Amino acid sequence: MKTLFVILLIFLNLPLVSQDYDKLRDNMVRRQIRSRGISHRLTLEAMRNVERHLFVPTAQRRRAYDDGPIPIGYGQTISQPYIVAYMTQLVNPRPGDRVLEIGAGSGYQAAVLGEIVEQVYTIEIIPELGARAGKLLSDLGYGNIEVVIGDGYYGLEDQGPFDAIVVTAAAEYIPPPLVEQLKDGGKMVIPVGSPFMVQTLMLVEKKGDRITTKNLMPVRFVPFTRD
Ligand code: SAH
């Protein structure tokens, strides 16, 4: 009888309870993130804390902790959990930092950064997505994350320079204004390459007048678009 009841719940696609999501999230961190070599403590803690299922469409919540990207509407996607953790660890975020993200999308990557650093600005070019991410982040109490609607190509000169910049849409080349807005010693992670093809995730570092770039791994991101 009890089994029949559970089958009925699943069949009706009723939401799982909060403890179920906690368990799924713990498994995600162990099996997809730690096991693949992410060891930065603050990144792991943030991935354990942010309730990823709240950032995906309701119908996709059961899949929120799966090992892949998920559509979030308007042709955009929330990145695979491992990629979010990898990009976060790469910029080595620290508690006092000011960080800029380009491509707010669901707001998930911003929330992960917001768990760690002092202030996050995230720019989104699709107004509906930006508004939705802004409302969710403020409902969840992230008072240190500001969503700005606009073309992230130009960064946010008024709020810079930044300790780190995380770009979550694939650009044909590295936007010069973003390099400009990195602090001395700052790091930027950005997928570079043609839209709809495999791109290269790159790490850009600024040390005094020197800019260094490093190719990290092949990735596939949605395109960086322009207004
Ligand atoms: N970081 C997001 C993933 C978003 S996908 C998350 O955690 O959910 C990439 C996002 O970049 C999309 O929402 C897309 O609309 C946005 N985007 C693309 N080009 C942009 C630009 N020039 N400026 C700001 N946002 C841009």
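What number of residues in the stretch 54-67 are away from the ligand (no atom under 13 Å from the Cβ) and open to solvent by less than 40 Å² (accessible area, probe 1.4 Å)? Count: 1. Look at the stretch 122-138: where a residue is without any contact (Cβ under 8 Å) to a residue 40 or more places away in the chain and under 9 Å from Ile149 (Cβ atoms) and a partner is more than 11 Å from the ligand (Cβ to nearest atom) and assigned to a helix (DSSP H, G or I), sitting 6+ places away or on another chain with Cβ atoms under 9 Å, you get Glu124/Ala131; Glu124/Gly134. Close contacts from the stretch 199-224, counting a first residue that is under 13 Å from Met87 (Cα atoms) and away from the ligand (no atom under 16 Å from the Cβ) and a second that is small (Gly, Ala, Ser) and at pLDDT 95 or above, with Cβ to Cβ under 7 Å and a gap of 6+ residues or different chains, come to Thr200/Gly193. Set side by side, the residues Ile78, Ile145 differ, and just one is near the ligand (Cβ under 7 Å from one of its atoms), at pLDDT 95 or above and either open to solvent by 40 Å² or more (accessible area, probe 1.4 Å) or not charged (D, E, K, R) (or both), which is Ile78.
Is one or more of the residues making up the stretch 162-184 within 20 Å of Arg94 (Cα to Cα), away from the ligand (no atom under 15 Å from the Cβ) and either within 15 Å of the chain's Cα centre (by Cα) or open to solvent by 80 Å² or more (accessible area, probe 1.4 Å) (or both)? Yes: the stretch 162-184 contains one or more residues that are within 20 Å of Arg94 (Cα to Cα), away from the ligand (no atom under 15 Å from the Cβ) and either within 15 Å of the chain's Cα centre (by Cα) or open to solvent by 80 Å² or more (accessible area, probe 1.4 Å) (or both).
In the stretch 125-142, of all residues being open to solvent by less than 10 Å² (accessible area, probe 1.4 Å) and not small (Gly, Ala, Ser), the one that is farthest from the ligand (Cβ to nearest atom) corresponds to Leu137.
The values are calculated or read from the model by the stated rules, or taken from the named source; none is laboratory data. Just so it is clear, the model here is predicted, and its values are computed rather than measured. Cβ: placed from backbone, ideal geometry, glycine included. Neighbour counts: every protein chain shown. Areas reflect the complete protein model, heavy atoms only, side chains present, ligands, DNA and RNA absent. Shrake-Rupley method; radii C 1.70, N 1.55, O 1.52, S 1.80 Å.
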